[in-house]
1. Testing the spin-label approximation: label points 7 Å from Cα along Cα→Cβ at residue 170 and residue 58. State their distance in nm.
2. Ignoring ligands, DNA and RNA, please state the percent of accessible area on the chain from carbon and sulfur, probe 1.4 Å.
3. Where the only charges are on Cβ atoms (+1 Lys, Arg; -1 Asp, Glu), what is the dipole of the chain about its Cα centre, to the nearest 20 debye?
4. Of the listed pairs 62/145; 62/100; 67/145; 67/109, which have alpha-carbon separations greater than 29 Å here?
5. Under a GNM of the chain (C-alpha, springs under 10 Å), which listed residue has the highest mean-square fluctuation: 166, 138, 51?
6. Scaled to the compact-protein estimate 2.2 N^0.38 Å, what is the alpha-carbon radius of gyration of segment 1-69, rounded to two decimal places?
7. Using the Kirkwood formula on the Cα atoms of segment 40-84, what hydrodynamic radius do you get, in angstrom to one decimal?
8. In the Gaussian network model of the chain, springs joining C-alpha atoms below 10 Å, which of 198, 223, 108 carries the largest mean-square fluctuation?
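The values are calculated or read from the model by the stated rules, or taken from the named source; none is laboratory data. The structure displayed is predicted, hence computed values, not measured ones. A quick note on method: Cβ atoms are made from the backbone with ideal geometry, for glycine too, and the neighbour counts reach across all protein chains shown. Keep in mind that these areas ignore ligands, DNA and RNA; they rest on the heavy atoms of the full protein, side chains included. Shrake-Rupley method; radii C 1.70, N 1.55, O 1.52, S 1.80 Å.
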Amino acid sequence: VEAGQIDWAEHNQDAGQLLHEMLRLDRTLNVIREWAEGREDTVIIITADHDTGGFTMTYTAKDLPIKPMSIDGSLFKDIPYQPQNNFGDFSVLDRLYEQKSSYYNLMSKFRKAKPKNKTPRNLANMIKSATGVELTIDEALRIMKERENPYRVAGHKKLNDYVVPDIDVDQVFFTNPANMLGGLIARRVGIDQSITWSTGTHSATPVPVIVVGPDWVKEKFPSVMHLTDLGRIMKELVK
């Protein structure tokens, strides 16, 4: 079973779609786990062939300084707690869950709009409708900004375009111009979500390997392993 849209969401740097795809995978895995429970002839392996996008939730410089707050317990009695950094609130997950449209669909709709409707105001309204994040006209204009493709390769499947969205110094890390608009949206929306991305494509970040099955199978998977060794062991198990 492949949850392939997780990769697509990360290429578009779409944290809302990513959350929903992870939840779909979780529901699928629960069905598979229930079916396999107690069996000695079945192994469940959950992993990925690579990381994409370099997704990170982090604190920001927005809304600093934090107002002092009271915390229960004797340790903080009469001592207001005032963190120096603005950590993301749990409500961010609620807002991601409530996202109304994927960036892919949002970008497709905007690209197909009539020229007279491709305005910064309409783009800002579309982003607000999808994510709940309000943009200024200048912020929408920045997302719409284009430039001559500095990495154009004539005849290349992905890099043939003469003009591409202007994602500035990160342009070199987006090998597919189709994902650049999503990256620009994510830069602005991520400020309100405490979310950053490091690249528009795959990364070398290690991925988890979760194995459910008999002990003699689980012993074949050490704490850290090369991806090719993982594939070799999986081939041996299905012989």
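1. Output for this residue pair reads 1.1 nm.
2. Answer for the chain is 55 percent, counting heavy atoms of protein chains only.
3. Dipole of the chain, to the nearest 20 debye: 1160 debye.
4. Beyond 29 Å between Cα atoms: 67/145; 67/109.
5. Highest fluctuation among the options: 138.
6. 1.61
7. With all distinct Cα pairs of segment 40-84 included, I get 15.7 Å.
8. Of the options given, 223 has the highest mean-square fluctuation.
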